[in-house]
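What follows is one structure encoded as structure tokens, with my remarks underneath.
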Amino acid sequence: MNAASLVDILVLGGGGREHALCWKLRQSARAGRLFCAPGNAGIAAVADCVDLAIADPDAVVAFAREHAIGLVVVGPEGPLVAGVVDALRTAGIAVFGPTAAAARLEGSKGFTKDLARAAGIPTAGFRRFASAADAHHYVAVHPLPVVVKADGLASGKGVTVAETNEEGLAALADINGPVVIEECLTGPEASLFVLTDGKTISVWPSAQDHKRAFDDDTGPNTGGMGVVSPAPRLTEALQARALAEIIEPTLKAMAAAGTPYTGVLYAGLMLTADGPKLIEYNCRFGDPECQALMLRLDSDLLDILLACAEGRLAEVTPKWSAEAAVTIVYAAMGYPGTPITGTVIDNIDGAEALGVEVFHAGTRRNTAGKLVAAGGRVLAISALGADVGEARSLAYAAIRKIRWHGGFYRRDIGKV
Ligand code: AMP
Ligand code: GLY
């Protein structure tokens, strides 16, 4: 491989998802310099962490030009909704992710619900309201449980499944701006991922997230406390239905509207008695789903993301490990409220010696060079195994090696 064919890469984001992406990109034979903005203490071991306003399209384009970046990979939704992909494309720089218009699938729940209704995509019944005040009466009398959602981006925390009308009204009182009220669906959840360049659809392994903060699915919703991949309840038949009834009509509708979708599309599904229904779309990899997927990917990630960015996705066929993956999130006390930060974390090496990957999310080095908690979700311990049970045992054995008094994790990730 000569130096000329190396690709310099910029990854935007600084969570566990971006650590997993950087870890995998670093393994690519064609990866040249790898920058990550802002990165974190774990990412610093595999990439140059840089200070950059990642949701400022001009700033990202300027950095990419200055460093002759050959591929930008956008981790979180903020830069997508802000139009970073549009600006990079206009500048002729290859980028993995959807345009701002396409990212409305995540940025506006109301947009997606309207699209689903128009295209006949199975999803929960709903009504949109311009403000919380407008929704007040509807929530007060809605049959229970009632689902109250902020229309815009809320990092997975803008949703309340209210068991009483009072609880629904309290959730409503916390929302500024437009609101979506939904019928409550029941059933196991599954996350389905596809990559698309607007022409080809590449179906990736599924995963099942654990959204609630505490064991047995209790406590508040979080960004995700742990994952198993593949999703145990998403059979091949259900996945085929979800692709035909949800994903394909969505991509068709986006293309027909003149806003073709490119990048990774992540569908949150509820496997109801009537079949899979769409809960929401995300326009990015899930976190911590990505950590589990990267462990299972047996192909070169740079080749795949570059092919997707350049409209050549048909040329690559990712290979996947037949093994199952389990990822457990180690969060700081207080999360998903205000986390307690600054507490010292030790013996990650001891955990990794067992054969797991410990991806960092909210971590930094203090002035003494010690690793400390610096966010809500702090570490994502990820293990492979012959089946979910084996991966789970290994992940839990590893997490117990980590010495950290400021954190908590769920004990039931992947438990059957
Ligand atoms: P979202 O941010 O839209 O993925 O919602 C977060 C979580 O809220 C989902 O993973 C579900 O557990 C729950 N949820 C969202 N919408 C509904 C619904 N219509 N019915 C039941 N649960 C829901
Ligand atoms: N783990 C859920 C998400 O990334 O939205």
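The values are calculated or read from the model by the stated rules, or taken from the named source; none is laboratory data. Worth saying up front: this structure is predicted, and the values here are computed from it rather than measured. Neighbour counts are summed over all protein chains in view; Cβ atoms, including those assigned to glycine, are modelled from backbone coordinates with ideal geometry.
Listed values, structure above:
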quantity	calculated
Extreme residue, nearest to Gly337 (Cα to Cα), among residues of region 152-187 that are within 16 Å of ligand 2 (Cβ to nearest atom) and part of a loop (DSSP other than H, G, I, E, B)	Lys157
From the options Ala324, Ala242, residue that is more than 16 Å from ligand 1 (Cβ to nearest atom) and buried (at least 21 other Cβ atoms within 10 Å of the Cβ)	Ala324
Search result, residues across region 213-226 that are over 15 Å from the mean Cα position of the chain (by Cα) and in contact (Cβ under 8 Å) with a residue 60 or more places away in the chain	Ala213, Phe214, Asp215, Asp216, Pro220
Count - residues of region 361-378 that are assigned to a strand (DSSP E or B) and either surrounded by fewer than 15 Cβ atoms within 10 Å (Cβ to Cβ) or at pLDDT below 95 (or both)	1
Within region 118-170, considering residues that are within 14 Å of ligand 1 (Cβ to nearest atom), surrounded by fewer than 17 Cβ atoms within 10 Å (Cβ to Cβ) and charged (D, E, K, R), the one modelled with the lowest pLDDT	Lys157
Close pairs (6 angstrom Cβ cut-off, 6 or more residues apart or separate chains): within 15 Å of Asp346 (Cα to Cα) in region 394-408, of a type in the set (D, E, K, R) and not in a helix (DSSP H, G or I) anywhere	Arg403/Asp346
Those residues of region 245-269 which are more than 21 Å from the chain's Cα centre (by Cα), among the small types (Gly, Ala, Ser) and either outside any helix (DSSP H, G or I) or within 16 Å of ligand 1 (Cβ to nearest atom) (or both), in sequence order	Ala257, Gly258
Residue, surrounded by the most Cβ atoms within 10 Å (Cβ to Cβ), within region 327-360, restricted to residues that are in contact with a helix residue (DSSP H, G or I) (Cβ under 8 Å, 6 or more places away or on another chain) and outside any strand (DSSP E or B)	Val356
Selection count, region 242-277, where residues are within 16 Å of ligand 2 (Cβ to nearest atom) and under 21 Å from Val228 (Cβ atoms)	7
Residue that is surrounded by the most Cβ atoms within 10 Å (Cβ to Cβ), among those in region 189-230 that are in contact with a helix residue (DSSP H, G or I) (Cβ under 9 Å, 6 or more places away or on another chain) and more than 30 Å from Thr259 (Cα to Cα)	Ser229
